[in-house]
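Novice: Structure in structure tokens, see below.
The values are calculated or read from the model by the stated rules, or taken from the named source; none is laboratory data. Given the structure is predicted, the values throughout are model-derived calculations rather than measurements. In this analysis, Cβ positions are derived from the backbone assuming ideal geometry, glycine residues included, and neighbour counts consider all displayed protein chains.
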Amino acid sequence: MSSFLSDKSPVCPEDLLIRARQARPSPMRLAIVRASAPLPIVTAKQAYEEGIATPVLIGEAAKIRDEADRIGWSLDGIEIHDCKGEKGAIDVAIALTGANKVDALMKGHLHSDVFMGGIVSRDAGIRAETRMVHVFAMFPAEGGRPLLISDAAVNVSPDLKTRQQTVKILARTAIALGMDTPHIAILSATETPIASIPSSLEARELCDWARQNVPDAIISGPLSFDLAISPEAVSIKGLEGDPVAGKADAVVVPEITAGNILFKAMVWFNGSCAAGVVTGGKVPIILTSRADPASSRLASIALAALLS
């Protein structure tokens, strides 16, 4: 076992739950797609009891009720849509979204590729004209200001237009979390654009565009990760004049591998709570993993409530 692994259990911040409850006049209607398994039912019950979501349970009704019985949840007043299999659950979710009967979708007991493939297909009507982007809000184990990480779970090698949408979504998410003028760093391996590191050139191009088109945030790039978040690194490297260096609220990663490694390192080495949501569609989409703790699932629902 690595000595770097944290023994801290991620905690869903109370402030995030409060913001989620205050963001809407009533709890978000959350469709859990194929809820007929222990983790989806536990998550649904927690969100319901916290007052941030009213679950709409989709899947095999008998199994859903069995799982609810195991945790002592009566399901009184909870909407259940009986259907069979993964495709049946996805079809119901698409129909409910199209009829404006749910405010967000959450992956339950089905494969991620099947879930996302069905939900975001053009025929489903959930995709909008804007690009779909995944955002993680990482909350420190000891409490404090979160760090937002761009696409670590959906877009493998995002093009310029997708990354432009990413900057807008990061700014919107940060503001929803209480950051009036968020500082956004566009990451590369260096703060100097050089041809041998293509991501540094792309970061400068994106930064120039964002400074002209995202007025509610302060943006800089390229920046290495240490320069984005560490005032000490900024001082050592003499970058005090940069408006974002050392105080980033959000980071735009070059591609999915970098973002995926970064968020998982924060979870496993620091005990951070990861709230993740896919944005840019008709409704927010919560793409959970079997390895996600209950706190992360609850935090993701709260973040979706803020953005729905």
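Novice: Within region 6-23, track down each residue that is more than 19 Å from the chain's Cα centre (by Cα) and modelled with pLDDT of 90 or more.
Specialist: Hit for region 6-23 is Gln22, nothing else.
Novice: Please go through region 80-95 and give me each residue that is surrounded by fewer than 22 Cβ atoms within 10 Å (Cβ to Cβ) and either modelled with pLDDT of 95 or more or over 22 Å from the mean Cα position of the chain (by Cα) (or both), ordered by number.
Specialist: Narrowing region 80-95 to residues surrounded by fewer than 22 Cβ atoms within 10 Å (Cβ to Cβ): 80-88, 91-92, 94-95.
If the condition is that a residue be surrounded by fewer than 22 Cβ atoms within 10 Å (Cβ to Cβ) and either modelled with pLDDT of 95 or more or over 22 Å from the mean Cα position of the chain (by Cα) (or both), then Ile80, His81, Asp82, Cys83, Lys84, Gly85, Glu86, Lys87, Gly88, Asp91, Val92, Ala95 are the ones that fit.
Novice: Taking Ile32 as the residue in question, decide whether it is under 26 Å from Leu306 (Cα atoms) and touching a Pro at 6+ places or on another chain (Cβ under 7 Å).
Specialist: Against the criterion (under 26 Å from Leu306 (Cα atoms) and touching a Pro at 6+ places or on another chain (Cβ under 7 Å)), Ile32 qualifies.
Novice: Can I ask one more? Just give me the residues in region 107-134 being among the hydrophobic types (A, V, I, L, M, F, W, C) and either in contact with a strand residue (DSSP E or B) (Cβ under 8 Å, 6 or more places away or on another chain) or crowded, with 18+ Cβ neighbours inside 10 Å (or both), in sequence order. Steps first, answer last, please.
Specialist: Restricting attention to region 107-134, the residues satisfying the condition of being among the hydrophobic types (A, V, I, L, M, F, W, C) are 110, 114-116, 119-120, 124, 126, 128, 132-133.
Across region 107-134, the qualifying residues are Leu110, Phe115, Met116, Ile119, Val120, Ala124, Ile126, Ala128, Met132, Val133.
Novice: Any chance region 262-276 includes a residue that's at pLDDT 95 or above and more than 20 Å from Arg145 (Cβ to Cβ)?
Specialist: No, that holds for no residue.
Novice: Here's another thing I want to ask about it. Would you confirm, using the coordinates I've provided, whether Arg163 is among the charged types (D, E, K, R) and either touching a residue at least 40 places away in the same chain (Cβ under 8 Å) or not assigned by TED's automatic domain parsing to the domain that holds Ala304 (or both)?
Specialist: On the way: among the charged types (D, E, K, R): yes; either touching a residue at least 40 places away in the same chain (Cβ under 8 Å) or not assigned by TED's automatic domain parsing to the domain that holds Ala304 (or both): yes.
Here the answer is yes, as Arg163 does meet what is asked.
Novice: Can you name the number of the only condition in (1) without any contact (Cβ under 8 Å) to a residue 12 or more places away in the chain; (2) not assigned by TED's automatic domain parsing to the domain that holds Asp7 that Val252 fails?
Specialist: Here Val252 meets the rest and fails (1).
Novice: Go through the residues of region 254-273 one by one and say whether even a single one is of a type outside the set (Asp, Glu), part of a loop (DSSP other than H, G, I, E, B), out of contact with any Phe, Trp or Tyr (no Cβ under 8 Å at 6 or more places or on another chain) and under 23 Å from Pro10 (Cα atoms).
Specialist: Filtering region 254-273 down to residues of a type outside the set (Asp, Glu) leaves 254, 256-273.
So of that shortlist, the ones also part of a loop (DSSP other than H, G, I, E, B) come out as 254, 271-272.
Next cut, out of contact with any Phe, Trp or Tyr (no Cβ under 8 Å at 6 or more places or on another chain) only: 254, 271.
Keeping just the survivors that are under 23 Å from Pro10 (Cα atoms) gives 271.
The answer is yes, given that some residue of region 254-273 is of a type outside the set (Asp, Glu), part of a loop (DSSP other than H, G, I, E, B), out of contact with any Phe, Trp or Tyr (no Cβ under 8 Å at 6 or more places or on another chain) and under 23 Å from Pro10 (Cα atoms).
Novice: Now for a separate question. Mind listing whichever residues of region 288-308 are touching a residue at least 60 places away in the same chain (Cβ under 8 Å) and not in a helix (DSSP H, G or I)?
Specialist: Residues satisfying the conditions are Thr288, Ser289, Arg290, Pro293, Ser308.
Novice: For region 255-287, how many residues are in contact (Cβ under 8 Å) with a residue 60 or more places away in the chain, surrounded by fewer than 21 Cβ atoms within 10 Å (Cβ to Cβ) and of a type in the set (S, T, N, Q)?
Specialist: 2
Novice: Another one. Conditions: (1) surrounded by fewer than 22 Cβ atoms within 10 Å (Cβ to Cβ); (2) free of Cβ contacts under 8 Å to residues at least 24 places away in the same chain. Gly143 meets all but one. Number of the miss?
Specialist: With (1) surrounded by fewer than 22 Cβ atoms within 10 Å (Cβ to Cβ); (2) free of Cβ contacts under 8 Å to residues at least 24 places away in the same chain applied to Gly143, the lone miss is (2).
Quick grid of which residues meet (1) of a type outside the set (S, T, N, Q); (2) touching a residue at least 40 places away in the same chain (Cβ under 8 Å); (3) assigned to a loop (DSSP other than H, G, I, E, B); (4) not assigned by TED's automatic domain parsing to the domain that holds Leu147:
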position: Glu191; (1), (2), (3), (4): yes, yes, yes, no
position: Glu202; (1), (2), (3), (4): yes, yes, no, no
position: Ala228; (1), (2), (3), (4): yes, yes, no, no
position: Val234; (1), (2), (3), (4): yes, no, no, no
position: Pro243; (1), (2), (3), (4): yes, yes, yes, no
